[in-house]
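The values are calculated or read from the model by the stated rules, or taken from the named source; none is laboratory data. Because the structure is a prediction, the values reported are computed rather than measured. Don't worry about glycine lacking a Cβ; one is built from the backbone with ideal geometry, like all the others, and counts go over all protein chains shown.
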Amino acid sequence: MSDFHTRREKFPWFPTINYDACKLDLECLNSCPHGVFEWDAATGRPFVAHPTSCLLGCDTCLQNCKNHAISLPNRREFRAQLRRLRERG
């Protein structure tokens, strides 16, 4: 496993889906350029299948979700986590 991949797994940047707001239009799955989402046939809804494939800082899914059912860490959370990782080396 690459050093980058190992570090990426320690950085919690990935979308979460609010299923109460999700309208199942698959915009998250169809708009994500990194293949983070997949469709779960058993539940009939999309899910975050590959969280570490999400590119740090990318918010394409968030911007394309018309129902505001996607959330990502905010800027403050992002900076705090980045600081913690830098301190650990």
Looking at the structure I just gave you, is ASN64 touching a residue at least 24 places away in the same chain (Cβ under 8 Å) and among the polar types (S, T, N, Q)? yes
Quick one: in the range 35-61, of everything that is modelled with pLDDT of 95 or more, touching a Cys at 6+ places or on another chain (Cβ under 9 Å) and outside any strand (DSSP E or B), which residue is surrounded by the most Cβ atoms within 10 Å (Cβ to Cβ)? CYS61
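When you check CYS28 against the structure, is it part of a helix (DSSP H, G or I) and within 9 Å of the chain's Cα centre (by Cα), yes or no? Don't jump to the end; show me each part of the working.
On the way: part of a helix (DSSP H, G or I): yes; within 9 Å of the chain's Cα centre (by Cα): no.
The answer is no for CYS28.
Just to verify a result, which residue in the range 62-89, among those that are assigned to a helix (DSSP H, G or I) and among the hydrophobic types (A, V, I, L, M, F, W, C), is nearest to the chain's Cα centre (by Cα)?
Once the filter is applied, the top-ranked residue is LEU62.
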Unique match (being hydrophobic (A, V, I, L, M, F, W, C) and surrounded by fewer than 16 Cβ atoms within 10 Å (Cβ to Cβ)) among ALA69, ALA80: ALA80
Residues satisfying the stated conditions in the range 47-89, i.e. closer than 9 Å to PRO15 by Cα and either in contact with a helix residue (DSSP H, G or I) (Cβ under 6 Å, 6 or more places away or on another chain) or among the small types (Gly, Ala, Ser) (or both): CYS61, ILE70, SER71, LEU72
Of (1) in contact (Cβ under 8 Å) with a residue 40 or more places away in the chain; (2) touching a strand residue (DSSP E or B) at 6+ places or on another chain (Cβ under 6 Å), ALA49 satisfies all except one. Which? (1)
